[in-house]
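For reference, the structure discussed in these notes is given below.
The values are calculated or read from the model by the stated rules, or taken from the named source; none is laboratory data. Just so you know, these numbers come straight off a predicted model, no measurement behind them. Glycine gets a Cβ as well: all are built from the backbone with ideal geometry, and neighbour counts include every protein chain shown.
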């Protein structure tokens, strides 16, 4: 098993992560320089090239690899202008000189450009390229990827995972704890929003992150969505290794250093005793709303391995949510948890 | 002062559990804040998730009841209690109980819907 660990971007974080890096940690990744290219998620600290070079050297001394994420889902066509091409080529050249180990992109043109012009850089396809089938994986392999981060929507579709494994020779990576909504209706729009918020050009002055707030609200109203979302428990990694997938990427570069280190340890130890919510990135705001005892999810993977994803007919995740999810309640200066069913009572007032 | 500060998390929990009880569904009060603005208003603000505008239509009386009770406990005498929605959506994201300064009394207190994202729950 190899773990790919998020890094918020500042040197202090890198040093702390390295101090506690487990033997499973293989690569550490951070966002690139937003003055050149944004990314698909919030970026808290984006180092300039000088700082990046120092961080890469530091990591190499520790015998770890550095990945740089440049995965906006939309670049407004800049990459297909001569000015854009020259800028990205210059930037990739700099990363190459610094001996960065991998660059993660979502844009097909950048995949091909990196593969053709910078053969020493490992080209990793971002989850934002939404590879969810053998055919799509083969298209990107043809363009030149070395590794593919698969669409999280197929994290629990073992038949598709096995087919992709058969169809391509690229390294396959799974994002284990992103925990976005399964088949999220906001996914493309949200990545596009971040791409424009973190990239070049005029940044929209938005009144709110509608997609995020709506996502969290959905989960509060329908807690079974937390169970349906395609996270992978540390204990279940072995099911993926059994089908030949052994690169696991952790999400969470906008989280605290301590959170990242604790998650790294949980996945390295293949074990987590406590609230599953403590490992999940996207819905981490709900850590103080839901308590999901990870141990009580033992065995659920067996159902998901054969799951046809017809939720309206199945009801397994909904029943699991009713069984395991507890809701925090604050009363008399004490925090306790209640079963979901006690919170979801019959309306007292109609 | 410490006693007053301790009241804030207690009232956060109280607001959350009361709404959960009368709605009969999970609701999450992320944060309860007591604020003072530059213009001179004082008040409390609860950031929340899990409510929709239709809940306001059904439970307006109950929301006003609990928000008034908490305001009183915090020593506030709100002129205005309102819910804030995400513009263009059904999502309710905050409750505010506010003692208004003279300017805001004019701006927020003069109309039934002073801004498209605000739903006035009670006005005195």
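In a residue-by-residue description of the stretch B:78-86, the property of being more than 13 Å from the chain's Cα centre (by Cα) and either within 17 Å of residue A:208 (Cα to Cα) or modelled with pLDDT of 95 or more (or both) applies to at least one position. Contact annotation: residue pairs with Cβ atoms under 7 Å, 6 or more positions apart or on different chains, pairing a residue in the stretch A:70-97 that is at positive phi with a partner that is modelled with pLDDT under 95, are A:76/A:201.
Every residue, every condition in (1) out of contact with any helix residue (DSSP H, G or I) (no Cβ under 9 Å at 6 or more places or on another chain); (2) farther than 20 Å from residue A:337 by Cβ; (3) within 11 Å of another protein chain (Cβ to nearest Cβ); (4) surrounded by 17 or more Cβ atoms within 10 Å (Cβ to Cβ), yes or no:
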{"residue": "B:1", "(1), (2), (3), (4)": "yes, yes, no, no"}
{"residue": "B:6", "(1), (2), (3), (4)": "yes, yes, yes, no"}
{"residue": "B:18", "(1), (2), (3), (4)": "no, no, yes, yes"}
{"residue": "B:23", "(1), (2), (3), (4)": "no, no, yes, yes"}
{"residue": "B:26", "(1), (2), (3), (4)": "no, no, yes, yes"}
{"residue": "B:30", "(1), (2), (3), (4)": "no, no, yes, yes"}
{"residue": "B:35", "(1), (2), (3), (4)": "yes, yes, no, no"}
{"residue": "B:40", "(1), (2), (3), (4)": "no, yes, no, no"}
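Among the residues making up the stretch A:326-349, those that are more than 9 Å from chain B (Cβ to nearest Cβ) and in a helix (DSSP H, G or I) are A:341, A:342. Screening the stretch A:209-325 for helices (runs of 4 or more DSSP H) wholly inside it with 2 or more residues that are within 14 Å of another protein chain (Cβ to nearest Cβ) and in contact with a strand residue (DSSP E or B) (Cβ under 6 Å, 6 or more places away or on another chain) returns the ranges A:210-221. Any residue in the stretch B:68-78 that is surrounded by 18 or more Cβ atoms within 10 Å (Cβ to Cβ), within 13 Å of chain A (Cβ to nearest Cβ) and touching a strand residue (DSSP E or B) at 6+ places or on another chain (Cβ under 8 Å)? Among the residues of the stretch B:68-78, not one is surrounded by 18 or more Cβ atoms within 10 Å (Cβ to Cβ), within 13 Å of chain A (Cβ to nearest Cβ) and touching a strand residue (DSSP E or B) at 6+ places or on another chain (Cβ under 8 Å), which makes the answer no.
Which one is surrounded by the fewest Cβ atoms within 10 Å (Cβ to Cβ) among residues in the stretch A:277-313 that are closer than 19 Å to residue A:184 by Cβ and free of Cβ contacts under 8 Å to residues at least 60 places away in the same chain? So the residue we want is A:312.
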